[in-house]
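As structure tokens, the structure follows; a few thoughts come after it.
The values are calculated or read from the model by the stated rules, or taken from the named source; none is laboratory data. Not measured: the values here are computed from a predicted model. Here Cβ is always computed from backbone atoms with ideal geometry, including for glycine, and neighbour counts include all displayed protein chains. Just the protein is used for accessible areas: all its heavy atoms, side chains included, with ligands, DNA and RNA removed. Shrake-Rupley method; radii C 1.70, N 1.55, O 1.52, S 1.80 Å.
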Amino acid sequence: MSHADAVVVGVVGPASSPADARPRRGAWGRLLRSELRLVFGRRRNITLLAGLTAVPLLLGTVLFITRDTALGGQGPGFVGRVTGNGLFLVIASLFMCLPFLLPLTTGIASGDAIAGEAQAGTLRYLLAVPVSRTRLLAVKALGALAFVAAAVMAIAVMAVVVGAVYFGLRDLTLLSGATVPLADGLLRVAGVAVYVALSLTGLVAVGLFLSTLTEVPVGAMAATVVVAIVSAVLDTLPQLNAIHPGLLTHHWLDFAEFLRIQVDWGVLGGGLAVQAAWVVIFGALAWSRFTTADVTS
């Protein structure tokens with residue numbers, strides 16, 4: 001049964017009786033569950049999640065093999081700290097995935113949300129059920145957000161497991177040199193993962209908007225990744241310092257605040273406020289486009 005058929009059976013059938021309002025109130029939940037089954041049931045998405053979990057496995061394996069050589073303990077960013085404490089494998093893995101792999105994942109999830117249905121010819125059937133376009137767009141956005149969050153958590157969980165097996169989990173040494181207990185360290189690492197996931201919400205909104213502009217999902221996916229890459233490039237140009245704080249990727253590495261003795265919540269809040277602004281702007285553009293566009297497929 002296709003996604004559109006599942007929604008029609010689950011929503012139109014029970015809701016067809018005007019005497020019973022409960023099915024209509026439950027239409028939102030059924031539509032969301034159908035979307036989540038679609039997103040997490042696709043072989044492409046399952047393969048993508050598996051590929052992302054391979055990053056901490058490969059990184060941990062390489063560091064474990066080379067830790068007693070001249071290469072051991074060396075590397076950019078947080079990579080050099082991994083051999084001393086497996087908790088840093090979570091941070092190192094997310095750090096390495098942020099520039100490209102996670103934006104690619106976000107682009108695939110959000111760029112396919114609307115354009116994928118249009119290409120498959122099922123979008124008009126989804127719009128035929130008694131669910132508004134606004135609600136359908138919201139469900140598509142939640143599905144994309146759920147997949148992006150699952151991707152980040154998959155990396156983090158695999159990194160914790162691999163780090164524990166290869167290097168052990170110990171009290172966490174912060175950037176200042178101070179050490180916090182293991183339980184506190186686990187909470188801080190969890191905070192890093194949550195912040196990274198929330199930092200991708202702006203890109204999800206961009207991808208969702210681009211997905212409403214085309215019936216070719218690959219185009220929307222690629223354009224979403226390009227937006228992230230262009231933002232990162234602009235962030236490296238000192239001549240554009242004035243616009244850096246508002247760039248989509250500028251605050252992505254602010255998760256390092258969790259590795260300080262006193263976490264500066266103002267810095268983290270500022271980064272999330274930028275993401276919220278991108279969500280509002282591009283979410284509104286996506287809503288405006290989707291609710292007014294003629295759907296022919």
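Cβ-Cβ below 7 Å, separation at least six or inter-chain, first residue in the range 27-53 and on the phi < 0 side of the Ramachandran plot, second among the charged types (D, E, K, R): which pairs?
Once the first residue is on the phi < 0 side of the Ramachandran plot and sits in the range 27-53, its partners that are among the charged types (D, E, K, R) give TRP28/ARG135; GLU35/LYS140.
Yes/no matrix, rows are residues, columns are (1) surrounded by fewer than 16 Cβ atoms within 10 Å (Cβ to Cβ); (2) assigned to a helix (DSSP H, G or I):
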{"residue": "ALA144", "(1), (2)": "no, yes"}
{"residue": "VAL148", "(1), (2)": "no, yes"}
{"residue": "ALA154", "(1), (2)": "no, yes"}
{"residue": "VAL157", "(1), (2)": "yes, yes"}
{"residue": "VAL162", "(1), (2)": "no, yes"}
{"residue": "GLY168", "(1), (2)": "yes, no"}
{"residue": "LEU175", "(1), (2)": "yes, no"}
{"residue": "ASP184", "(1), (2)": "yes, yes"}
{"residue": "LEU187", "(1), (2)": "yes, yes"}
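Please work out if ALA273 is assigned to a helix (DSSP H, G or I) and open to solvent by less than 20 Å² (accessible area, probe 1.4 Å). Steps first, please.
Working: assigned to a helix (DSSP H, G or I): yes; open to solvent by less than 20 Å² (accessible area, probe 1.4 Å): no.
Taking the combined requirement at face value, the residue does not satisfy it.
Can you tell me which condition ALA220 does not meet? The list is (1) surrounded by fewer than 21 Cβ atoms within 10 Å (Cβ to Cβ); (2) more than 21 Å from VAL263 (Cβ to Cβ); (3) touching a residue at least 24 places away in the same chain (Cβ under 8 Å), and all the others hold.
Going through (1) surrounded by fewer than 21 Cβ atoms within 10 Å (Cβ to Cβ); (2) more than 21 Å from VAL263 (Cβ to Cβ); (3) touching a residue at least 24 places away in the same chain (Cβ under 8 Å) one by one, ALA220 breaks only (1).
Condition check: in a loop (DSSP other than H, G, I, E, B) and under 18 Å from the mean Cα position of the chain (by Cα). Does THR214 satisfy that?
Numbers: in a loop (DSSP other than H, G, I, E, B): yes; under 18 Å from the mean Cα position of the chain (by Cα): no.
The answer is no for THR214.
Being loosely packed, with under 14 Cβ neighbours inside 10 Å, in a helix (DSSP H, G or I) and without any contact (Cβ under 8 Å) to a residue 40 or more places away in the chain, is that true of even one residue in the range 285-297?
Residues of the range 285-297 that are loosely packed, with under 14 Cβ neighbours inside 10 Å, as a first pass: 288, 291-294, 296-297.
Among the residues that remain, those that are also in a helix (DSSP H, G or I) are: 288, 291-292.
Now restrict to residues that are without any contact (Cβ under 8 Å) to a residue 40 or more places away in the chain: 288, 292.
The answer is yes; a qualifying residue exists.
Would the range 203-215 turn up any residue that is farther than 25 Å from ALA115 by Cβ, small (Gly, Ala, Ser) and modelled with pLDDT of 95 or more?
First, pick out the residues of the range 203-215 that are farther than 25 Å from ALA115 by Cβ: none.
No, every residue in the range 203-215 fails to be farther than 25 Å from ALA115 by Cβ, small (Gly, Ala, Ser) and modelled with pLDDT of 95 or more.
Determine if the range 101-115 includes at least one residue that is at pLDDT below 95, surrounded by fewer than 22 Cβ atoms within 10 Å (Cβ to Cβ) and assigned to a helix (DSSP H, G or I).
no
With respect to TRP278, is the statement that it is open to solvent by 60 Å² or more (accessible area, probe 1.4 Å), in contact (Cβ under 8 Å) with a residue 40 or more places away in the chain and in a helix (DSSP H, G or I) true?
For TRP278, the condition - open to solvent by 60 Å² or more (accessible area, probe 1.4 Å), in contact (Cβ under 8 Å) with a residue 40 or more places away in the chain and in a helix (DSSP H, G or I) - is not met.
Please tell me if GLY60 is part of a helix (DSSP H, G or I), modelled with pLDDT of 55 or more, within 25 Å of ILE91 (Cα to Cα) and touching a helix residue (DSSP H, G or I) at 6+ places or on another chain (Cβ under 6 Å). Outline the logic, then answer.
Details: part of a helix (DSSP H, G or I): yes; modelled with pLDDT of 55 or more: yes; within 25 Å of ILE91 (Cα to Cα): yes; touching a helix residue (DSSP H, G or I) at 6+ places or on another chain (Cβ under 6 Å): yes.
Yes, satisfied.
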